[in-house]
Amino acid sequence: MLAETVCSAVSAAGLGIAAVTAYRKRFLTAVRIAAYSLIPVGLVMTGAVGWLARTAFSPLAWAGFGVLGASWALFALTRAVERRRGTRAERAATGDGRATPVSPTASAPALGRNADRGSGSAAAPSAPAKSSSDDFSDIEAILKKHGI
């Protein structure tokens, strides 16, 4: 009985705040406040408040919530370990039990070929430097391909 009275009072206060908000020409916010304020009355009318009151004081229900929480924690733990180690299929594919970050057939990184050229050191370059006309030949080929 007390819970129903409190829920009704909260809903009435929320509808009053929604009316004041609508008076200030903030209709979208007023409708949102009205929607939130009708939730407690709806819960009372459906009987959810009575069920919640009976459940809140039941030790068996709290034990059930504890079991559900432990189950959720175990699922989360296994997901975290699986993400860190990889799945069984990934470990079996590599053979050593550890997942490799890059496929063995992957090509060399694009930045790895030009690393010596961009360093600016006085050491001899490992590959001969291209002339400026060779640098633009790739760009010219792309432009010709697109008809530009």
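The values are calculated or read from the model by the stated rules, or taken from the named source; none is laboratory data. Keep in mind the model is a prediction, meaning the values are calculated, not measured. All Cβ positions, glycine included, derive from the backbone under ideal geometry; neighbour counts span all protein chains shown. Please note that ligands, DNA and RNA were not included when accessible areas were found on the heavy atoms of the full protein model with its side chains. Shrake-Rupley method; radii C 1.70, N 1.55, O 1.52, S 1.80 Å.
Considering only segment 1-46, state which residues are open to solvent by less than 40 Å² (accessible area, probe 1.4 Å) and free of Cβ contacts under 8 Å to residues at least 24 places away in the same chain.
Gly16, Ala18, Thr21, Ala22, Ala30, Ala34, Gly42
If you scan segment 89-102, which residues turn out to be modelled with pLDDT under 70 and surrounded by fewer than 10 Cβ atoms within 10 Å (Cβ to Cβ)?
Gly95, Asp96, Pro101, Val102
Under 9 Å between Cβ atoms, at least 6 apart or on separate chains: pull out the pairs that start in segment 49-61 with a residue that is more than 16 Å from Leu2 (Cα to Cα) and end on any residue that is of a type in the set (Ser, Thr, Tyr).
Sorted first by the residue in segment 49-61, then by its partner, the pairs are Ala61/Thr55.
Taking Ile148, is it of a type in the set (A, V, I, L, M, F, W, C), loosely packed, with under 10 Cβ neighbours inside 10 Å, in a helix (DSSP H, G or I) and at pLDDT 70 or above?
So Ile148 fails the test.
Considering every residue within segment 1-24, establish whether at least one is within 28 Å of the chain's Cα centre (by Cα) and not in a helix (DSSP H, G or I).
Checked against the condition, which is being within 28 Å of the chain's Cα centre (by Cα) and not in a helix (DSSP H, G or I), segment 1-24 yields no hits at all.
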